[in-house]
1. Under 5 Å between amide H atoms, partner at least 5 residues away or on a different chain: which partners does Ser469 have, H built in plane at 1.01 Å?
2. Per residue of segment 132-142, what does 6.51 cos²θ - 1.76 cosθ + 1.60 with θ = phi - 60° give for ³J(HN,Hα)? Whole Hz please, x for Gly and Pro, Karplus curve as stated.
3. When ligands, DNA and RNA are left out and all protein chains stay put, how many square angstrom of accessible area per residue does segment 372-521 have with a 1.4 Å probe?
4. Ser260: accessible area at probe 1.4 Å, nearest 10 Å²?
5. Between segment 475-521 and segment 71-144, how many Å separate their Cα centres?
6. Taking the Cα centre of segment 433-512 as origin and charging only Cβ (+1 Lys, Arg; -1 Asp, Glu), how large is the dipole, in debye to the nearest 20?
7. Which order, highest average first, do 350-358, 214-222, 64-72 follow once you tally other Cβ atoms within 10 Å for each residue and take the mean per peptide?
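The values are calculated or read from the model by the stated rules, or taken from the named source; none is laboratory data. None of the values given here were measured: they were computed from a predicted structure. Quick reminder, even Gly has a Cβ in these numbers, built from the backbone with ideal geometry, and neighbours come from all protein chains shown. To get the accessible areas, we keep the full protein, side chains included, count just its heavy atoms, and leave off ligands, DNA and RNA. Shrake-Rupley method; radii C 1.70, N 1.55, O 1.52, S 1.80 Å.
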Amino acid sequence: MNSPALDLASPAAWWRWARQWRTTRLVAGIDRIAVLEHAHDAGALGPRYAFMVVMSCGIAALGLLQNSAAVIIGAMLISPLMGPIINLGMGLATFDLRTIRGSLGTLAAGVALALAIAVAIVSLSPLQEATGEILARTRPTFFDLLVAVLSGLAGAYATVTRKGETIVGVAIATALMPPLAVVGYGLAVANWNIAGGAAFLFMTNLLAIALSVTIVARWYGFGGADSPKQTAWQAALIIASFALLSVPLGLALKRIALQSQTELTVRSSLEARAAQAGGRVSALRVDTAEDSVAVDAVMMLPRHVNGLETQLQQQMAARTGRPVSLRIREVLTADDASFALQQSTLAELRRSVTALQDAETVRSAALRAREEQQAGMQARLLPWLGRLERAADGSHWALWLADGSLPLARAMQMESDINAGRNGDMLPLVVHPPLQALAAIPLPATDDPGADRMLAIQAWALRRWRASSVQATLVTADDAQAAAWEARLREALSARGIALGELQRERKGEARLQLQVAPAP
């Protein structure tokens, strides 16, 4: 009685029991002929397949351009790509060259139609910017490969058991139709990086799904006995095709594994350094090439760390064995103590600014008050001096002096000094003295600048009074002196645009020159 128990406990016994259970529970319960016929019908090339490929890829392209996940999901619901992929996996499992060839032809036709409609839609669309949904499908990741493998396993199970094929078709379309539409987008906008990355993702998912179907089909007992007998070269061709399909998938797995390992190394380095500074990594993007690594990270830190980017770049290069291009964007945060200190500093700064503003307000008010007082005083003093007004043509200011306000010499000097000191924007000043009798000009025996100065002042006054002609009385017994002063008088008046009218000559009396405005004719 102990012998059977010992046999049951041995690995060989468990293996025999598992094979028997698989044969009786799995293999024996499957109508393999019906499954193969159904897979062949679903993977056949026909009008319905072509129409659904065009509609599905068109909706996917529109959803990608609009960055709408809901529209992309709608494209997955009607995608017919599950049929030929399941048929391809079944052909590989049963070593049926004709099935493999037909499935590949159907897939090629579907891919060509999908690319054509995607390129046409993108070319005609006004929206051609690379959205987030497009960029998310430009390179395969471990999770994309995992989705493809699980979709293939589910699709094969649903096909063999004839349960839930429609729902599983959505999962398979998730891994295939959006990347295929992104390939069309890349071709339409001539962005070969996007087109190449999406094409690599599409091929990786396609191979992963097909090989997953093959594995499930073999598990359910599908094999060479379920297909017509093949010649030796046909069998070798099928095995070679299987191997060739496995090579790109292996390369993709290697690349994904390298990418995942690099991302893990980079993330661990960043998180460890951020933890030392009391912060954390908020966002991270790692782009891996054959000979370099590009890292873009966002770190939340309580304070700026000098040389952080250089230190991490050297550390990552040492750990990955490749040159690393690192870009860190620091977002400064604060704990409660730092926040309280910042708030108190801001409050003190506000108080200082308020005090400065108050002091400036007081100073401005005092200055305004002084200016107003000065303006008031000037307004009260101006009537005593005269009347100031702007000329009608706007060319100058005119000051009409009040009677007895200033002597002629002082008025002429004021006009000269003010005009000499004005800037380019200031209008000139014209002073108009009040009408008055002109004083006699004493004639000295010798040259005296004072007499010439007095003559110039009176000529200026006559000009301001707008006199056109002047009468003069010249008293002197010396004919030479009389001739000299007559010449000086004519010169002074001519310079002011005034004509000399009647000139009377007297010989008796003190030598003098008397001017008076000639009466109007």
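1. Here the answer is Ala499, Ala518, since their amide H atoms fall under 5 Å of that of Ser469.
2. x, 5, 6, 5, 5, 10, 9, 7, x, 10, 4
3. Values: 9310 Å² over 150 residues.
Per residue, segment 372-521 has an accessible area of 62 Å².
4. Roll a 1.4 Å probe over it and Ser260 shows about 50 Å².
5. 117
6. Roughly 420 debye for segment 433-512.
7. Result, highest mean first: 214-222, 64-72, 350-358.
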